[in-house]
Amino acid sequence: MRENRAQQRVQSYLQYGSGFYCQLKETIWTSTKLPARFSLFIFLLFILVCAFVSTRLLNSTDGTRGSAQEPLLTTETTTQNPETPIKKIEIPLDCDAFNLTGTCPANYPTIISENQYRPSVSTCPEYFRWIHEDLRPWARTGITREMVDRAKRTANFRLVILKGKAYLETYTKSFQTRDVFTLWGILQLLRRYPGRVPDLELMFDCVDWPVVKSREYSGPNAMAPPPLFRYCGDDDTLDIVFPDWSFWGWPEVNIKPWENLLNDLKEGNKKTRWMDREPYAYWKGNPVVAETRQDLMRCNVSEQQDWSARVYAQDWIRESQQGYKQSNLASQCSHRYKIYIEGSAWSVSEKYILACDSVTLVVKPHYYDFFTRSLRPIEHYWPIKDNSKCRSIKFAVEWGNSHKRKAQAIGKAASEFIQNELQMEYVYDYMFHLLNEYANLLTFKPVVPPQAIELCSESMACRLGGVEKEFMMESMVKGPAETSPCTMLPPYDPPSLHAIFRRKENTIKQVELWEKKYWDNQNN
């Protein structure tokens, strides 16, 4: 654009100069009567003057190219200064110093200049908008210390972040290492964005099922609910949903951290084309944890009936003794359809199943985690009835095998959602925005409890060994991010939120009508 304007200006200068001197020529020749020899002298003089002035005009035009006031033709003549590279900072894990002193490093960076971060170039995925909904119960009242303390009733720990450092007060040990890897993940967030996570206090419950019942905090005289963080929620509770521990590894079942596992799943998808996969629905897991899973086992193939399902009970004790050879998630993308079914509550397996390129058959869920509320039936998964699983699975597989291209597209959309919108950087950004929005609601100044201990990567990783330390080293953030967190979308307005629920409900009803018609035709 600048180059075009410059060329137009040059042309106007030349046209103006040429026109002016041509008019002068006409004036000389037409209005003046002079002798021929003198006229020839005047003509030659005119030519010299015209050439001189034209040259000056061209030179002066070239000179304007370097003008600081209005640069012209900058793409050709102005050398842009390259963007000043941001110095990459690495934060080492100093186990030698920690083992000597038993204290966290005093020089741990807790403040990084805003200039360290380039502005974010990405908008957060849509599921970030649910942060506003999860915190809505406290939007008008704020969060008092009394509210936080009431959440202690079931919490495993209280976490305090003060001036960029973390402090832990433990109440009860969680099942397996859920608390350990959840806290490890939060410490990595502080390494990724030093000094940018505000001061806060929160209570965290590592048990599967949510406990803050909304009915107990409704009505004009009801007290405000206690803010309690956990891994999942449902429509009847007010627990605040947070990314689960398995993003940083699940040592007890040898599931490694998400960042590398996501790449393994992507490569595993390439081993068998969707059209060449087994045309059945696959599930493998622990059926003992829930009745609904025990009910699913009835859908397995037998001599009497084939429901197009291949389901297997996972014996984790035997699997651990045999080196987890039969539980490699990246090698389980060999069927066109995979079943997701909840356990005692939501299951961490959902993200692994969705990432497989297979059509995910979701048995009607009662719980949600932080990202699944943005999944849409028929676009990302196929809904399955929970009170008629076998028949519903049979119909889904028959439909998919009769509409292969459409079915394949559903599986691909789900895996692309996981690969693109559930990258580890977005998991950290979700944590960052959630904790920032939560901290903004606090009406009190966070303090370190007397029984709390300072927490740092050294205090967690340096004393460990085996798979736990291996997973921590694999998932450790090496240093501050080079860009700011993604940009949050605004909250949903009520009509938009209602439209989301209505569209989901209508789509599921449509699938149920198709299923009913299918079985009616089978029975006729």
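The values are calculated or read from the model by the stated rules, or taken from the named source; none is laboratory data. None of the values given here were measured: they were computed from a predicted structure. Neighbour counts are summed over all protein chains in view; Cβ atoms, including those assigned to glycine, are modelled from backbone coordinates with ideal geometry. Areas reflect the complete protein model, heavy atoms only, side chains present, ligands, DNA and RNA absent. Shrake-Rupley method; radii C 1.70, N 1.55, O 1.52, S 1.80 Å.
Take peptides 507-520, 432-445 and line them up by average Cβ neighbours within 10 Å, highest first, as a rough protection proxy.
Highest mean packing first, the order is 432-445, 507-520.
In percent, what relative contact order does the range 263-423 have, based on Cα pairs under 8 Å that are 6 or more apart in sequence?
26 percent
Using the Kirkwood radius over C-alpha pairs as Rh, can you work out the diffusion coefficient of the range 177-275 via Stokes-Einstein at 25 °C, viscosity 0.890 mPa s, in µm² per second?
150 µm²/s
Taking amide H positions as placed in the peptide plane 1.01 Å from N, state which residues far from Ser308 in sequence (5 or more) or on other chains have amide H under 5 Å from it.
Those qualifying (amide H under 5 Å, at least 5 residues apart or on another chain) number zero.
Excluding Asp179 itself, calculate the net charge of residues whose Cβ lies under 11 Å from the Cβ of Asp179, where each Lys or Arg counts +1 and each Asp or Glu counts -1.
Residues near Asp179 contribute +1 overall.
Calculate the spin-label point distance for Asp306 paired with Lys271, positioning each point 7 Å from the Cα along the beta-carbon direction, and give it in nanometres.
Here the answer is 2.4 nm between the modelled labels.
What is the range 138-199's relative contact order, in percent, from Cα pairs under 8 angstrom and six or more apart in sequence?
Taking the mean separation of contacting Cα pairs over the length of the range 138-199, I get 32 percent.
Give me, ordered by chain and number, the residues 5 or more places off Ile384 or on other chains with an amide H under 5 Å from its own placed amide H.
Placed amide hydrogens put Val362, Val363, Lys364 under 5 Å from Ile384.
Using the heavy atoms of the protein chains and a 1.4 angstrom probe, tell me the accessible area per residue for the range 263-423 in square angstrom.
Per residue, the range 263-423 has an accessible area of 45 Å².
On the protein heavy atoms, probe 1.4 angstrom, tell me the percent of accessible surface of the range 300-410 carried by carbon and sulfur. If you can, show how the numbers build up before the last one.
Numbers: 2040 of 4590 Å².
Its accessible area is 45 percent carbon and sulfur atoms.
Can you flag which of Lys213/Lys445; Lys163/Lys445; Lys284/Lys412 are past 19 Å Cα-Cα?
Lys213/Lys445; Lys284/Lys412
Search the structure for amide H atoms under 5 Å from the amide H of Ala166, placed 1.01 Å from N in the peptide plane, and list their residues when 5 or more places away or on another chain.
The list, which skips near neighbours in sequence, is Leu455.
Using θ = phi - 60° and the Karplus curve 6.51 cos²θ - 1.76 cosθ + 1.60, what whole-Hz ³J(HN,Hα) does each residue of the range 395-410 get, with Gly and Pro shown as x?
Using θ = phi - 60°, the values come out as 5, 4, 5, 4, 4, x, 6, 8, 10, 4, 5, 5, 5, 4, 5, 5 Hz.
Taking 24 Å as the cut-off for C-alpha to C-alpha distance, list the pairs among Lys256/Lys406; Lys394/Lys517; Lys266/Lys404; Lys351/Lys389; Lys152/Lys504; Lys270/Lys389 that go past it.
Lys256/Lys406; Lys152/Lys504; Lys270/Lys389
Using packing as a proxy for protection, rank 399-406, 470-477, 368-375, 355-362 so that the peptide with the highest average count of other Cβ atoms within 10 Å comes first. Numbers along the way, then the final one.
On the way: 399-406: 13.5, 470-477: 18.2, 368-375: 20.8, 355-362: 26.4.
Taking the mean over residues of other Cβ atoms within 10 Å, the ranking is 355-362, 368-375, 470-477, 399-406.
Give a residue-ordered list of calculated ³J(HN,Hα) values for the range 497-511 (Karplus: 6.51 cos²θ - 1.76 cosθ + 1.60, θ = phi - 60°; whole Hz; x for Gly, Pro).
Here the 3J(HN,Hα) series is 5, 4, 5, 4, 5, 5, 5, 5, 5, 5, 5, 5, 4, 4, 5 Hz.
Rounded, prolate or oblate: which one fits the range 243-336, using the alpha carbon gyration tensor with axes a ≥ b ≥ c (rounded when a/c is under 1.5, else prolate when a/b beats b/c, else oblate)?
Judged from the Cα gyration tensor, the range 243-336 comes out oblate (a/c at least 1.5, b/c at or above a/b).
With a/c under 1.5 counting as rounded, go ahead and sort the range 263-423 into rounded, prolate or oblate using the C-alpha gyration tensor (a ≥ b ≥ c being the square roots of the eigenvalues; past the cut-off, prolate if a/b is larger than b/c, else oblate).
Numbers: a/c = 1.21, a/b = 1.07, b/c = 1.13.
Rounded is the answer for the range 263-423, as its axis ratio a/c remains below 1.5.
Between Gln522 and Val288, how many nm apart are label points set 7 Å from Cα along the C-beta direction?
Label at Gln522, label at Val288, 3.3 nm between them.
Order these peptides, 390-398, 135-143, by their mean beta-carbon neighbour count within 10 angstrom, highest first.
390-398, 135-143
With θ set to phi - 60°, apply the Karplus curve 6.51 cos²θ - 1.76 cosθ + 1.60 along the range 279-288 and write out the HN-Hα couplings as whole Hz, x wherever there is a Gly or Pro.
Whole-Hz 3J(HN,Hα) from phi for the range 279-288: x, 10, 9, 10, 8, 9, x, 9, x, 6.
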